[in-house]
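To start, the structure under review is shown below, and the notes come after it.
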Amino acid sequence: MVRTRFAPSPTGFMHLGVLRTALYAWLYARKNKGTFILRIEDTDRARYVEGAVDVIYSTLKTCGLHWDEGPERGTPCGEYSETGNYGPYFQSERKDSYMKYSELLIEKGAAYRKDGAVWQKIPTAGSTSFRDEVYGEITVENSEIEDQVLIKSDGMPTYNFANVIDDHLMEITHIIRGSEFLSSTPKYILLYEALGWKPPVFIHVAPIMRDAGNKLSKRDGDAYFSDFIDKGYLVEAVINYIALLGWSPGGENEFFTLSELVGAFDLSGVSKSPAIFDEVKMRAINAHYIRSLTPEKFKETAKPYVKPYICKDGQCAVANCDALFAALQPRTEVLTDITPQIDFISAACDHEIELYNNKKMKTTLETALVALGEALRALEEHELDRDEIFTAFKALADDAGVKVGYFLYPLQIALTGKQSAPGGGLDICIMLGKDESIKRIKTAIERLKT
RNA sequence: GGCCCGUUGGUCAAGCGGUUAAGACUCCGCCCUUUCACGGCGGCAACAAGGGUUCGAGUCCCUUACGGGUCACCA
């Protein structure tokens, strides 16, 4: 029976690297029909942060990484076993165990007291070896290892000690954690040996880097899961991306849902070297997820970003919302891309008249005036039907020996004031509706005349 | 500095003794097109260096360089 654990310290934030470790531990447990345990490592009282555990709970839940055992059970789900007889799951509540085993170690001569703390005694001779599933066989001379504190003078265990005790008591079979612990693993091994316990399987994962020389850290301002959700990333996309940072499924597919990751996850694909975080790549993945959403789902997801801009005097300023959302979907990589694209809807059409000069469209201020006149006429003469009006413009363009853009581009400028709009002139007409469009065109014509 | 570990295009990465060294992102062209996007097609671009082993090395060994981790009463 595989039992993995995620053992974060409650710092108040969920670092992407930490989340990835949780993901891997969760995936490994699910993949092997095992148990995923959440344990809070709050042995450092100086670092205690109010409400920090809630960040851990909520992040895990929104990511779908439900735990089978822990301080608070995850979403009830039939397939999960209902054990949880290994609590408490807060290290601060397990002090008795740590004291008990530190006493035992002292009795065995593997630990001693100094300066009010209990220290682990490292053998001076020999060497210690262990096998890591990612890094392979590792051997260190005991002379290279130094004695370490097991119980701090405040009575709390150190992370190093509490980990060993808890992992054993909770019957953890596979430890998945950051590679920064690779160097201290021999000390753990020595502890397991001194206690006569069988060490679990170790799986160390290389860190996520900001660039070649620096780890992704809070100082960068965008290392936390919440930072990316705030920026408009979809949680599925974030999970998908970080899963691929430091692990490769091997094939050419790089899009995986959580359950697909469970099927694909394999330790052999875990990388030994650090991976540099690339937000541009993550954006691309996010864009893919957004485009894959059904129109309904996209509308629901994008609404909060659109709503402030389409409400005018308490009314919706958009005549055709579906058209708006349909236009936005392929133009959205992250949700926050939306707002700057639709500011034209509620804002007055005040823009640089120079925009009418466009070499590619072969338009100038003069031709724009003509085109807008035609647009106005077309709108007044026809129903607001895309095909019907387009046909009218096409005929006009053919007669004049130009492309439709000759007429439609000035219309877009008149309506949006933007060189790049989420749709062409006609599309914008449909979004804004006949009345608003005509109003804007008239205003634009007046400006062009002066 | 000691000790561990690592090093394939700008980035993520496949590869696990014999390949024209995948794929994705980025970037650049072209096509599509009422702008911008989406989409389609194509292109630029890599085995850190030097020694071995081998008929043959990105794949195995050694050295160097560079990078990461660790050496806390933090985790």
Original post:
Short version: ³J(HN,Hα) in whole Hz for each residue of segment A:111-117, in order, from phi by Karplus 6.51 cos²θ - 1.76 cosθ + 1.60 (θ = phi - 60°), x for Gly and Pro, what are they?
Top reply: 8, 7, 9, 7, 6, x, 10
**OP:** Mind computing the radius of gyration and Dmax over the alpha-carbon atoms of segment A:185-321? Å is fine for both.
**Re:** 21.1, 75
Original post:
Amide H of A:Ala319: which non-local residues (sequence gap of 5 or more, or other chain) have their own amide H closer than 5 Å, using H built in the peptide plane?
Top reply: A:Leu432, A:Gly433
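Size of the dipole of segment A:130-230 about the Cα centre, Lys and Arg at +1 and Asp and Glu at -1 on the beta carbon, nothing else charged, in debye to 20? Don't jump to the answer; show the numbers that get you there.
On the way: 9 positive and 18 negative charges, 14 e Å.
It comes to approximately 60 debye.
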**OP:** Report relative contact order for chain A in percent, whole number only (criteria: Cα-Cα under 8 Å, sequence separation at least 6).
**Re:** 12
**OP:** Mind listing the long-range amide H neighbours of A:Arg5? Cut-off is under 5 Å, sequence gap 5 or more, other chains count too, H placed in the peptide plane at 1.01 Å from N.
**Re:** A:Ile37, A:Ile176
Original post:
Once the principal axes of the Cα atoms of segment A:241-304 are found, what is the range along each, listed largest first in whole angstroms?
Top reply: 42, 25, 19
Original post:
Taking every pair of alpha-carbon atoms in segment A:207-264, what share in percent sits in each 5 Å bin, from 0 to the bin with the longest distance?
Top reply: 4, 16, 24, 21, 18, 13, 4, 0
Subject >> Pair-distance profile P(r), taking every C-alpha pair of segment A:1-44, with 5 angstrom steps and integer % >> reply: 6, 25, 27, 21, 13, 7, 1
Subject >> Whole-angstrom gap from segment A:379-400 to segment A:11-67, using each part's C-alpha centre >> reply: 59
Original post:
Which one of A:Ala392, A:Leu105, A:Phe36 is farthest out on the positive end of the charge dipole of chain A, using unit charges on Cβ (Lys, Arg +1; Asp, Glu -1) and the Cα centre as origin?
Top reply: A:Leu105
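Among rounded, prolate and oblate, which fits segment A:92-175 when a ≥ b ≥ c are the square roots of the eigenvalues of its C-alpha gyration tensor, a/c under 1.5 means rounded, and a/b larger than b/c means prolate?
Values: a/c = 2.25, a/b = 1.25, b/c = 1.80.
Because a/c hits 1.5 or more and a/b fails to exceed b/c, segment A:92-175 counts as oblate.
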Subject >> Per residue Cα convex hull volume in Å³ - calculated over segment A:102-226 >> reply: 157
Original post:
So how far, in whole Å, is the C-alpha centre of segment A:314-329 from the one of segment A:410-450?
Top reply: 15
**OP:** Find the centroid of the Cα atoms in segment A:356-377 and in segment A:236-310, then give the distance between the two in whole Å.
**Re:** 43
Subject >> Candidates A:Pro207, A:Pro308, A:Pro186: whichever shows maximal mean-square fluctuation once chain A is modelled as a Gaussian network with Cα springs under 10 Å >> reply: A:Pro308
Original post:
From the phi of every residue in segment A:405-419, what ³J(HN,Hα) in whole Hz does the Karplus formula 6.51 cos²θ - 1.76 cosθ + 1.60 yield, where θ is phi - 60° and glycine or proline is x?
Top reply: x, 4, 9, 6, 5, x, 5, 4, 5, 4, 7, 10, x, 10, 6
**OP:** Pairs of Cα atoms under 8 Å, at least six residues apart: use those to get the relative contact order of segment A:97-139, whole percent.
**Re:** 20
Subject >> Protection proxy ranking of A:62-71, A:372-381 - average other beta-carbon atoms within 10 Å, highest first >> reply: A:62-71, A:372-381
**OP:** Calculate one ³J(HN,Hα) per residue across segment A:150-165 by plugging θ = phi - 60° into the Karplus curve 6.51 cos²θ - 1.76 cosθ + 1.60, and present them in order as whole Hz with x for glycine and proline.
**Re:** 9, 10, 6, 5, 8, x, 8, x, 7, 4, 4, 7, 4, 4, 4, 4
Original post:
Mind checking the log10 I(q)/I(0) for segment A:268-403 at q = 0.11, 0.16, 0.18, 0.21 Å⁻¹? Debye, one equal scatterer per Cα, no solvent, two decimals.
Top reply: -0.64, -1.09, -1.19, -1.24
Original post:
Around A:Lys121, which amide H atoms from residues at least 5 apart in sequence, or from another chain, sit under 5 Å from its own amide H, with H modelled in the peptide plane?
Top reply: A:Ala111, A:Tyr112
Original post:
What translational D, rounded to a whole number of µm²/s, comes out for chain A from Stokes-Einstein when the hydrodynamic radius is the Kirkwood one over Cα pairs, at 37 °C and 0.692 mPa s?
Top reply: 125
Subject >> Within chain A: Cβ-based charge dipole about Cα centre, in debye rounded to nearest 20 (Lys, Arg +1; Asp, Glu -1) >> reply: 340
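Grab the Cα-Cα distance for A:Ser217 and A:His382, subtract it from 0.36 nm times how many residues apart they are, and report the gain in nm with one decimal. Before the final figure, lay out each step's value.
Values: separation 165, 0.36 × 165 = 59.40 nm, distance 5.86 nm.
Fully extending the segment from A:Ser217 to A:His382 adds 53.5 nm.
Taken together, the values in this text are just the output of simple stated rules run on the coordinates, not laboratory data. In this text, all values refer to a predicted model and were calculated from it rather than measured experimentally. Positions of Cβ are generated from backbone atoms using ideal geometry, with glycine treated the same way; all protein chains shown enter the neighbour counts.
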